[in-house]
Structure formats: structure tokens, C-alpha cells
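The values are calculated or read from the model by the stated rules, or taken from the named source; none is laboratory data. Not measured: the values here are computed from a predicted model. Because the Cβ atoms are built from the backbone with ideal geometry, glycine has one as well, and the counts that use them run over all protein chains shown. Remember, those area values only see protein heavy atoms, side chains included, never the ligands or the DNA or RNA. Shrake-Rupley method; radii C 1.70, N 1.55, O 1.52, S 1.80 Å.
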Amino acid sequence: MLEHVVFEWRDALDILLVAVLLYQVIQLLRGSRALTVLTGLGLLTLLYFISRSMALYTLTWLLQHVFSSLFLLIVVIFQSDIRQALGEIGTNNLFRKRALQHSAVEEVVMACVEMARLRVGALIVIERGTRLDDMIKREGVRVDALLSRQLLMNIFYPKAPLHDGAVLISKGRITAAACILPLAEAKGQSFGTRHRAALGMTQECDAVVVVVSEERGEISVAIKGELVRSLDATRLRQVLNDIL
């Protein structure tokens, strides 16, 4: 005789929370190297069960020892991905204010377009949820000035004393200049120092970095360790408004 199953609201909440968690994990892993590594671990798990069923004792023993250290392996392999994911979870909420208002975005866009036309290199870090005060304390020179296209262009003028490094924008103000950013690995691609710095910075936190190449007069935006290149004024404005 079948027992009567009672489906309560707690069960629905439980299923909903698990579904949301799984969806967020998939979104974080999609397109990243973590998904490739997890696929490899899945294949090793399948090989383990096959070896057990076929009584392949040596292979089974070897895989058992690998899986006994699985947690440590995951932490070592995914340390940067875990750090970025936890940072996103901590800063991704419904009530977070815009990192930059539309008028401030327009100042950044106009400055970058003009610097690209003049072939003046620039590196602009826009703070979002993660506070970047430590960047100022380590290397940068505090500015604390109202954001304007004229000031951005003046800072990055090749003969200006603060042009070498990144500008940090926080809450609509230019907080610091001449900031040194962590460099990402080149990985065989022909990225210059500015682009590597932009990628390295966005791999460590949720900031958005705008790059102007003095060699090609090209504007790029780095976000989450990915680079969107060859942007004109319209596309740059759209990307920044969507992200910020």
C-alpha cells in the first residue's frame, strides 16, 4: 500500500534554492577552464568505476589514492576561480548601486575616444563591489578629484608624471593614479603590458578595466578575465552602461 506523500512549502523552497545554487555554479563555470578540469575529473570517476567492475586492482588502487586527496586538488587547481567566485557572491546583490552614473560613463567614453584618436595609452580601473583601497596604499598616488575627461587626458599625457600606471575610479571620483596592477600570464597571445595588467586585475576582483592602446589606437574593456576589443564610442558606452 502506497503511503500518502505530503508536499509542503518547505520542500518547494528546498528545491528552488538547490536549483538557484546549481544555476549560479553553472554560470560561474561556463566558458572557464574550471569546466574543462571538472570534465576531466568526471572522466576519472567513470574510469574508476569501470576499473572496479573489471577488477583492475592496480588502477583502482591508484585512483582511490587520487580521490582521497580530491578536496586538496580542487583547492589547488581552482584557487583563482574560487577566489573570484566568492568575490562575486559577496558583491552580487539586488541592492548594489551603480558603480558609475551615466554622466560619469560619458566622461570616460569621451576621454578614451579622444586618447585613442591621439594614440595616447591609458589604463582605467573602475571599482565596483570589491574595495580597492589597498591598491592606493601599495603603489598609487592619491588624487581624489572629480571625474572629468579633461583630467583623465591630462593624467595620461605622455610627459605627465602620473601617466605610467593605472587610474582608479571609485564612486564617480578619480581616487588615485600611477597604480601598479598584477599582470596576467601571456598564454601565447600578443597582449601588451596594459592589456595583461587589465586581465590580471579583473581575474582578482570584480573591477572593470578600460584600456587604450597607444600602438593601435584601440579601445578594449576587461571584465572577469576576458577582453572585449576594438570598441568605438557607441559600443564602449553600451558595454560600460550594461556592466556598471
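Checking each residue in the range 182-200 for being open to solvent by less than 30 Å² (accessible area, probe 1.4 Å) and among the small types (Gly, Ala, Ser) picks out 184, 197, 198, 200. Residues in the range 154-181 that are more than 16 Å from residue 122 (Cα to Cα) and either surrounded by fewer than 21 Cβ atoms within 10 Å (Cβ to Cβ) or touching a residue at least 60 places away in the same chain (Cβ under 8 Å) (or both): 171, 172, 173.
Could you tell me whether any residue of the range 7-21 is modelled with pLDDT under 65 and surrounded by 10 or more Cβ atoms within 10 Å (Cβ to Cβ)? No, the range 7-21 has no match at all. The residues of the range 190-244 that are part of a helix (DSSP H, G or I), under 11 Å from the mean Cα position of the chain (by Cα) and not charged (D, E, K, R), listed by number, are 198, 199, 200, 201, 202, 203.
Number of residues in the range 201-215 that are closer than 12 Å to residue 227 by Cβ, surrounded by fewer than 23 Cβ atoms within 10 Å (Cβ to Cβ) and either modelled with pLDDT of 90 or more or not assigned by the TED database to the domain that holds residue 228 (or both) equals 1. Consider residue 47 carefully, then state whether it is more than 30 Å from residue 224 (Cα to Cα) and either at pLDDT 70 or above or outside the structural domain of residue 204 (by the TED database) (or both). So residue 47 passes the test. In the set (1) modelled with pLDDT under 75; (2) over 26 Å from residue 227 (Cβ atoms); (3) open to solvent by less than 90 Å² (accessible area, probe 1.4 Å), the condition left unmet by residue 37 is number (2). Contact map, the range 51-70: residues that are open to solvent by 100 Å² or more (accessible area, probe 1.4 Å) paired with residues that are assigned to a helix (DSSP H, G or I), Cβ distance under 6 Å, separation 6+ or inter-chain. Pairs shown: 52/60. The set of residues in the range 120-148 that are open to solvent by 50 Å² or more (accessible area, probe 1.4 Å) and modelled with pLDDT of 95 or more is empty.
When restricted to residues that are crowded, with 18+ Cβ neighbours inside 10 Å and farther than 17 Å from residue 152 by Cβ, the range 228-242 contains 1.
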